[in-house]
Amino acid sequence: MKKIAILGSTGSIGTQALDVVRNLPGEFKISVLAANSNVELFSKQVEEFQPDLAVLADEESYKILKIKNFGKTILTGGRQAFIDATTYDDTDIVLTAMSGFAGLEPTIKAIESGKNIALANKETLVVGGEIVTNLAKKFGVKILPVDSEHGAFFQCLQGENYKSIEKLLLTASGGPFRGKKTAELKNATKNEVLAHPTWNMGQKITVDSASLVNKGLEVIEAKWLYGVDYNQIQVVVHPQSIVHSMVEFCDGSIIAQLAAPDMRLPIQYALTYPDRKISPVKKLDFWQIKNLTFEQPDFKTFKGLQFAYDAGNAGGTLPCTFNAANEVAVENFLQGKIKFLQIYDVIENAMLKREVKKNPTLETLLEEDFETRRLSEKFIGSELN
């Protein structure tokens with residue numbers, strides 16, 4: 001029985017991970033549940049799964065919940081308690097399902113305590129890829145990807161020599177605006193942006209999918225997970241979301257991973273690896289599938305994808321700058337303070353104005369994230385409003 005800590009248990013990935021646990025009784029024990037501030041849902045999760053340790057990062061939310069009695073479960077609160085929960089002794093694997101830059105420190109702590117990582121927090125590798133992968137090697141820790149695309153690469157590469165990789169073919173649905181041009185997106189509404197055609201995800205990642213920034217983040221993530229150069233990562237738009245990604249090898253062979261678009265599958269494989277277990281995911285019927293189509297992404301309209309390649313190739317702190325500016329821009333878009341296409345303006349402004357520092361430490365990245373957020377908020381307030 002694997003003992004699992006789930007960081008971000010009330011989010012989209014966290015709730016689906018708990019669904020995986022429900023569907024495989026006897027396979028897992030939830031040792032730690034950790035979330036930010038969703039008191040009502042978190043309370044129900046703690047009551048159902050009875051973890052050893054439960055943590056709410058938001059202090060005010062913790063104060064509301066701490067009056068409840070959860071039996072043997074130890075309840076703690078605060079940002080530091082959230083980070084410290086990753087080192088809980090009686091844990092085999094930590095699922096990092098929280099969103100954004102906030103996942104970097106907890107993931108590093110978990111690696112340093114020898115925990116294997118089921119990585120759903122792509123920003124960890126985007127921002128601190130070199131630090132994180134070096135630490136994983138040092139402490140003998142496995143990083144098991146949870147993203148559907150990176151889970152696909154991981155499965156395609158089982159038994160293969162990574163040195164034989166010619167190209168990683170990273171698929172993208174194209175989001176709700178596939179085929180649209182800049183003029184058509186000037187007044188895109190929040191509801192239109194959040195209307196993803198194939199995936200049901202949290203708001204932030206759904207906006208990133210619409211802008212193709214999410215695919216850019218996955219490009220940088222792929223570089224660190226599989227040790228390839230950026231010119232070996234090719235984004236391919238595949239609107240059916242059935243081919244989750246492909247690997248082309250030096251001999252011209254291509255191996256693909258196909259499945260219904262359901263995040264429970266890559267989550268389950270990361271948690272049960274190296275074994276496969278029966279899952280509730282709908283099986284594909286190739287007598288019913290009529291078309292699988294593939295297209296080139298529109299780098300000119302969806303500038304976030306090109307920004308990601310630029311940031312990745314420059315290295316140093318620039319991927320951190322790219323990510324922080326995007327997080328600020330998306331938050332402001334969701335609050336109705338900027339338009340959809342202005343997300344690109346915020347990112348570009350930060351990437352042009354922030355100095356790139358090579359070989360950053362964790363402290364350097366924390367400072368860069370802070371300064372980029374401050375710069376981006378100021379830019380939005382003075383230039384875009």
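Accessible area per residue of the chain at 1.4 Å probe, in Å²?
Accessible area per residue, the chain: 44 Å².
Can you find, among 121, 195, 64, the residue sitting farthest towards the positive end of the charge dipole of the chain, where Lys and Arg contribute +1 and Asp and Glu -1 at Cβ?
Value: 195.
Under 5 Å between amide H atoms, partner at least 5 residues away or on a different chain: which partners does residue 118 have, H built in plane at 1.01 Å?
Counting only residues 5 or more places away or on other chains, the set is 94, 95, 96, 144.
How large is ³J(HN,Hα) for each residue in segment 238-253, as worked out from phi by the Karplus curve 6.51 cos²θ - 1.76 cosθ + 1.60 (θ = phi - 60°), to whole Hz, x for Gly and Pro?
In residue order, the calculated couplings are 9, x, 6, 6, 9, 7, 8, 3, 9, 10, 9, 9, 4, 8, x, 6 Hz.
If packing is taken as the average number of other Cβ atoms within 10 Å across a peptide's residues, how do 190-199, 35-44, 258-267, 212-221 rank, most packed first?
Per-residue Cβ counts within 10 Å, averaged per peptide and sorted highest first, yield 212-221, 258-267, 35-44, 190-199.
Report the Rg/Rh value for the chain, based on alpha-carbon coordinates and the Kirkwood definition of Rh.
Result for the chain is an Rg/Rh of 0.95.
Taking only DSSP H segments of four or more residues, each worth -39500 (n - 2.57), what value at 222 nm results for the chain once the sum is divided by all its residues, to the nearest 500 deg cm²/dmol?
Result for the chain, helices only: -13500 deg cm²/dmol.
Running a GNM on the chain with Cα contacts under 10 Å, which residue among 227, 26, 14 ends up with the highest mean-square fluctuation?
Fluctuation is largest for 26.
Whenever you get a sec, line up 74, 165, 13 from highest to lowest accessible area (probe 1.4 Å, protein heavy atoms).
So the residues, ranked largest to smallest area, are 74, 13, 165.
For segment 183-268, what is the charge dipole size about the Cα centre, in debye to the nearest 20, if Lys and Arg each add +1 at the Cβ and Asp and Glu each add -1 at the Cβ?
The calculation lands at about 320 debye.
Would you mind pulling out the separation of the Cα centroids of segment 66-128 and segment 135-169, in Å?
Measuring centre to centre over Cα atoms gives 22 Å.
To the nearest 10 Å², what's residue 283's accessible area with a 1.4 Å probe?
The accessible area of residue 283 comes to roughly 140 Å².
Sticking to Cα atoms, compute the Rg of segment 17-135 to one decimal and its Dmax as the biggest Cα-Cα distance, whole number, in Å.
When restricted to the Cα atoms of segment 17-135, Rg and Dmax are 14.1, 42 Å.
What order do you get for 230-236, 134-140, 53-59 when each peptide is scored by the mean count of other beta carbon atoms within 10 Å, highest first?
The peptides rank, most packed first, as 53-59, 230-236, 134-140.
Given charges of +1 on the Cβ of Lys and Arg and -1 on the Cβ of Asp and Glu, with all other atoms neutral, how large is the dipole of segment 1-108 about its Cα centre, in debye to the nearest 20?
Dipole of segment 1-108, to the nearest 20 debye: 180 debye.
Among 87, 233, 296, which residue has its Cα positioned farthest towards the positive end of the charge dipole of the chain, with +1 placed on the Cβ of Lys and Arg, -1 on the Cβ of Asp and Glu, and the dipole taken about the Cα centre?
So the residue furthest toward the plus end is 296.
Would you mind telling me the share, in percent, of accessible area of the chain contributed by carbon and sulfur at probe 1.4 angstrom?
49 percent
The values are calculated or read from the model by the stated rules, or taken from the named source; none is laboratory data. Predicted model, so just to flag it, every value in this text is computed and none were measured. With ideal geometry, Cβ positions are generated from the backbone for all residues, glycine too; neighbour counts draw on all protein chains shown. All accessible areas refer to the heavy atoms of the entire protein, side chains included, with ligands and DNA or RNA removed. Shrake-Rupley method; radii C 1.70, N 1.55, O 1.52, S 1.80 Å.
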